[in-house]
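In what follows, a single structure is set out as structure tokens and then discussed.
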Amino acid sequence: MMADHNISNNNIVLEVKNLYKRFGDNRVLNGFNLKLYQGENLVVMGKSGSGKSVMIKCLVGLMEADSGSISVMHHDITKLNQQALDVLRADIGFLFQGSALYDSMTVRENLEFPLRRHSRKNKAKLDTETQVVAALESVGLAHAIDLMPAELSGGMKRRVALARTLILQPKIILYDEPTSGLDPITAKEIIILMQDVQKKYKTSSLIITHDVDCARVISDRILLLIDGVDYAVGTYKALSTSEDPKIKAFFKQ
Ligand SMILES: Nc1ncnc2c1ncn2[C@@H]1O[C@H](COP(=O)(O)OP(=O)(O)OP(=O)(O)O)[C@@H](O)[C@H]1O
Ligand SMILES: [Mg+2]
């Protein structure tokens, strides 16, 4: 139904086909599909409990889907060996719902952590300190390097979490509710930061959000997850003017 907007190529970096996931009788994903194009911001919206986090966890391998396929850069991740999978995973950054920093580690240690886990990714052979400082600078928090998470505000935590994701220079970033729990002004700052990151690193992003304003500002396309399927996909303009009551429900303020 959609016309691709702002998408100058048809290079698909992430593709989900016919994904199924249930917990007992609770059929959460019922044949869900998704395509993420190179350089685009795809927003996924759905009611609370509709399966957005479950879907994203299947994408990053924190959960195993019952069936369906997931391809990253045209590699079906269900068919890769562990080593190939690890290499591919390093290309995908994931921002958890909440910020999920390690509370007992300083900001610096939180950022060093992914570097140690994915040491092969450091192609430029930059020293750790340089990489940590650069990532913090890109989110405007170089001064917070020696603070503990408990000393940060909610917005600062979100920024540090984004820096921790950026430090591996992922090609794809998955955001689960990046603005939830933040006041509108801080939420806006995070959105601007996400746009800056997109421009600077030319990442492709999948963004889960409840925030209609966030969706309007940041999306090239929006996908509505309803009843376990990709019920509708299109631009904000197309979806927000739809006459379908299930779609309309998302956009009436
Ligand atoms: N580990 C699990 N075990 C059993 N059920 C689960 C598990 N994780 C999620 N669920 C169920 O899957 C459904 C979807 O949950 P999910 O967290 O994906 O919702 P969501 O769309 O992200 O909601 P929200 O907008 O509130 O974050 C819910 O019914 C939830 O109870
Ligand atoms: Mg969720």
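What follows is calculated from the coordinates using simple rules that are stated; it is not laboratory data. All of these numbers come straight from a predicted model, not from anything done at the bench. Cβ placement follows ideal geometry from the backbone for every residue including glycine, while neighbour counts extend to all protein chains displayed.
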Legend entry - Subset of Lys171/Lys248; Lys47/Lys200; Lys79/Lys200; Lys52/Lys199 violating a 27 Å alpha-carbon distance limit: Lys171/Lys248; Lys47/Lys200; Lys79/Lys200
Legend entry - Phi to ³J(HN,Hα) by Karplus 6.51 cos²θ - 1.76 cosθ + 1.60 over segment 37-49, Hz, x for Gly, Pro: 8, 3, x, 9, 9, 9, 9, 10, 10, x, 4, 4, x
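Over segment 98-169, calculate the relative contact order: mean separation of alpha carbon pairs under 8 Å at least 6 apart, over the residue count, as a percent.
Dividing the mean separation by the residue count of segment 98-169 yields 49 percent.
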Legend entry - For Val28, distant residues with modelled amide H under 5 Å away: Lys21, Arg22, Phe23
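Considering only the chain, what is the antiparallel percent among its DSSP beta bridges, to the nearest 5?
Numbers: 21 of 38 bridges.
Within the chain, antiparallel bridges account for around 55 percent of the total.
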Legend entry - Degrees separating the helix 107-117 axis from the principal Cα axis of the chain, which is the longest one: 70 degrees
Legend entry - Over segment 15-174, relative contact order from alpha-carbon pairs under 8 Å, at least 6 apart, %: 23 percent
Inset, instruction - Quote the relative contact order of segment 26-115 in percent (integer), defining contacts as alpha-carbon pairs under 8 Å separated by 6+ residues. - result: 15 percent
Legend entry - Ascending count of other beta-carbon atoms within 10 Å, so fewest first, for Asp25, Asp66, Asp220: Asp25, Asp66, Asp220
Inset, instruction - Mind putting a number on the dipole of segment 98-169 about its Cα centre? Charges go on the C-beta only, +1 for Lys and Arg and -1 for Asp and Glu, and I need it in Debye to the nearest 20. - result: 460 debye
